[in-house]
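Step one of this worksheet: look at the structure below.
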Amino acid sequence: MKVKIESSKIVKPLYEDGEAPPARWVPLSVFDKVTYGEHVALIFAFRPPNPPNSEVELGLAKALAVYREWAGRIGDGPDGRRSVLLNDAGARFVEATVDAPMAVSLPSGPSPEVRRLHPRIDDGPVELVQVQLTRFSCGSLAVGFAGHHQIADGQATANFLAAWGLATRRLPLSPLPVCDRGTRFAPCDPPLVEFPHREVEYRAPAPNKKCDVAVEDEEEEIGFGAAGHDKVKVHRMHLSKDFVARLKARASSGLPPSRRGYTTFQSVVAHLWRAITASRGLGAGVTTKVRISVNGRTRMRPPVPRDYFGNVVLWAFPRCDAGELVSRPVGHAAELVYRAVADVDDAYFRSFVDFAASSGAMEAEGLVPTADSEQAVLCPDLEVDAWLGINFHSLDFGGGGPFCIMPTYYPMEGSLFLVPSTLGDGSMETYVALFHNHLEEFKRICHKIT
């Protein structure tokens with residue numbers, strides 16, 4: 001796929017009255033600071049007809065005027081706190097073309113080539129939003145969106161993308177975002193830390209050591225030659241509506257009548273956790289755990305508005321002995337997932353706020369977030385990024401929603417993306433990154449329900 005960059009520019013917010021508000025610093029919240037300090041890239045594919053780039057650019061400028069943080073810059077404020085400067089410095093807007101139809105250009109499966117459809121993010125760009133519009137000869141459009149995670153979680157990003165589409169279609173932006181990250185999550189006085197947060201959300205900094213992971217080439221898989229391992233590859237696996245229904249029925253079969261059945265998310269994560277653990281050849285005596293994002297908007301009391309712009313995510317960590325996990329039925333794993341997520345409730349979120357906002361030990365011990373994208377290998381663990389409850393499909397520039405949504409190529413061993421089908425029929429795509437020799441076994445067993 002030969003992608004030709006036609007232009008690259010900065011798009012600044014366009015205010016209705018023509019006057020920009022004064023610049024100001026807004027402190028990042030405790031949830032902003034604990035999450036990944038990097039850009040996250042998504043790719044959306046649209047069939048024709050599509051509006052011209054100029055209209056999409058204008059829509060972006062209008063949306064940035066409402067979601068002003070995206071046009072700012074992250075840094076240390078005058079008080080020394082990590083903050084975002086609302087200075088309207090703007091977002092990166094790249095225009096590109098491919099002299100071929102999308103149907104024959106896009107890779108048939110996960111590939112480093114998809115990185116060409118969004119601006120480079122591995123060198124830490126200063127713009128908090130980077131966008132690339134890639135036009136294909138057939139009239140199809142690929143939109144690569146990369147946003148800094150400390151500005152917005154998945155829900156907040158989806159809200160912004162929907163607003164961008166509305167602005168491009170010259171429609172009112174509604175509902176408007178709730179932008180009060182600097183003041184919303186105040187700690188109790190005195191603080192009440194009821195749960196352990198060291199080695200959960202924060203940990204002591206790891207000693208510097210030479211990593212044995214080498215990137216052979218920008219467009220190749222990551223190699224692990226120094227460690228003697230195989231290459232990491234990303235596999236896309238389709239889970240049909242029928243398969244998901246059978247999986248949920250099997251997982252829930254042992255529950256008493258008084259219990260609701262396990263959800264799609266709980267059942268799918270349980271199944272994939274077991275299949276990946278088995279394909280890795282892990283056995284008794286090895287503990288395996290899954291890092292699962294938990295949205296706190298509906299869990300905190302009072303609830304955080306759905307339209308809050310920022311991060312409100314912590315993590316659940318179901319864990320189990322590997323031998324027990326694979327030898328017991330999928331319902332056992334689903335129960336572990338269910339309980340771990342249920343434990344991340346309002347009391348837990350409040351405890352974290354008090355720990356992160358009031359604990360002098362944070363500074364004294366130099367604690368750092370456990371959310372670390374620099375990890376190349378997670379084995380024996382997993383990390384799940386689920387988009388099942390996030391409506392990324394609402395991005396519509398006027399020709400209808402995307403027919404394909406996918407993450408960028410992300411070959412971190414043990415990472416798992418769950419992406420709902422754009423058909424809305426209950427099916428989904430999963431993206432699994434594993435060592436090649438483990439991946440072959442995973443392919444063999446991943447559609448077996450046990």
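The values are calculated or read from the model by the stated rules, or taken from the named source; none is laboratory data. On a predicted model such as this, the values are computed, not experimentally measured, just so you know. Glycine also receives a Cβ, built like all others from the backbone with ideal geometry; neighbour counts cover every protein chain displayed. Surface accessibility is based on the protein's heavy atoms, side chains included, excluding ligands, DNA and RNA. Shrake-Rupley method; radii C 1.70, N 1.55, O 1.52, S 1.80 Å.
What pairs in Lys2/Lys62; Lys2/Lys231; Lys231/Lys289; Lys33/Lys231; Lys33/Lys241 have C-alpha atoms more than 27 Å from each other?
Details: Lys2/Lys62 31 Å; Lys2/Lys231 25 Å; Lys231/Lys289 22 Å; Lys33/Lys231 32 Å; Lys33/Lys241 37 Å.
Result: Lys2/Lys62; Lys33/Lys231; Lys33/Lys241 exceed 27 Å.
Where Rh is the Kirkwood radius over the Cα pairs of segment 254-339, the temperature 37 °C and the viscosity 0.692 mPa s, what D in µm²/s does Stokes-Einstein return? Translational D for this selection: 227 µm²/s. Excluding ligands, DNA and RNA, the accessible surface per residue across segment 318-430 is 37 Å² with a 1.4 Å probe. When only the Cβ of Lys, Arg, Asp and Glu is charged (+1, +1, -1, -1), the dipole of segment 3-169 relative to its Cα centre reaches about 200 debye. With R₀ fixed at 30 Å, the C-beta to C-beta distance from Ser240 to Ala284 puts the FRET efficiency at about 0.35. Only one residue of Ser394, Ser137, Cys446 has its Cα farthest out toward the positive end of the dipole of the chain, where Lys and Arg carry +1 and Asp and Glu -1 on Cβ, and that residue is Cys446. Here the relative contact order of segment 410-450, from alpha carbon pairs under 8 Å that lie six or more residues apart, stands at 36 percent. Legend: Rg and Dmax of segment 313-450, from Cα coordinates, 18.5, 54 Å.
Spin-label model, Arg301/Ala364: points 7 Å from Cα along the beta carbon direction are separated by 3.2 nm. What segment 3-169 shows is 38 Å² of accessible area per residue, with the surface traced by a 1.4 Å probe over protein heavy atoms.
Taken about its Cα centre, segment 248-309 carries a charge dipole of about 100 debye when Lys and Arg each add +1 at the Cβ and Asp and Glu each add -1 at the Cβ.
Quote the FRET efficiency, to the nearest 0.05, computed for Glu199 versus Ser137 with a Förster distance R0 of 60 Å and r equal to the Cβ-Cβ distance.
Values: r = 53 Å, r/R0 = 0.88.
FRET efficiency, Glu199 to Ser137: 0.70.
Charge dipole of the chain (Cα centre as origin; +1 on each Lys and Arg Cβ, -1 on each Asp and Glu Cβ, all else neutral): 1260 debye, rounded to the nearest 20. Between Val234, Gly424, Pro22, the Cα set farthest toward the positive side of the dipole of the chain (charges on each charged residue's Cβ, about the Cα centre) is that of Gly424.
Using the Cβ-Cβ distance between Arg47 and Leu423 with R0 set to 22 Å, the FRET efficiency works out to roughly 0.95.
Rg to Rh ratio, the chain, alpha-carbon atoms and Kirkwood radius? Numbers along the way, then the final one.
On the way: Rg = 22.1 Å, Rh = 23.2 Å.
Ratio of gyration radius to Kirkwood radius for the chain: 0.95.
Please give the contour-minus-distance gain from Ala206 to Glu6: 0.36 nm per residue of separation, less the Cα-Cα distance, rounded to one decimal in nm. If you can, show how the numbers build up before the last one.
Numbers: separation 200, 0.36 × 200 = 72.00 nm, distance 4.27 nm.
Result: 67.7 nm gained on full extension.
For the chain, what does the relative contact order come out to in percent, with C-alpha contacts under 8 Å and a separation of six or more?
Numbers: 928 pairs, mean separation 97.6, N = 450.
Once normalised by length, the contact order is 22 percent.
The Cα atoms of segment 3-169 cover 53, 37, 26 Å along the three principal axes, with the biggest extent listed first.
Solvent-accessible area of segment 3-169 (1.4 angstrom probe, protein heavy atoms only): carbon and sulfur portion equals 51 percent. Taking only protein heavy atoms and a 1.4 Å probe, the accessible area of segment 284-383 is 50% carbon and sulfur. Candidates Ile405, Tyr202, Gly254 compared by Cα position along the dipole of the chain: farthest toward the positive end lies Gly254, with charges placed on Cβ.
Each label was represented as a point 7 Å from its Cα along the Cα-to-Cβ direction; for Arg120 and Ala23 these points are 2.7 nm apart.
Taking 11 Å as the cut-off, the amide N atoms of segment 168-207 that come nearer than this to a point 7 Å along the Cα-to-beta-carbon line of Ala347 belong to 194-195.
Mind checking the full-extension length gain between Tyr36 and Asp180? Use 0.36 nm per residue of separation minus the Cα-Cα distance, one decimal, nm. Let's see the in-between values first.
Numbers: separation 144, 0.36 × 144 = 51.84 nm, distance 2.03 nm.
Answer, rounded to one decimal: 49.8 nm.
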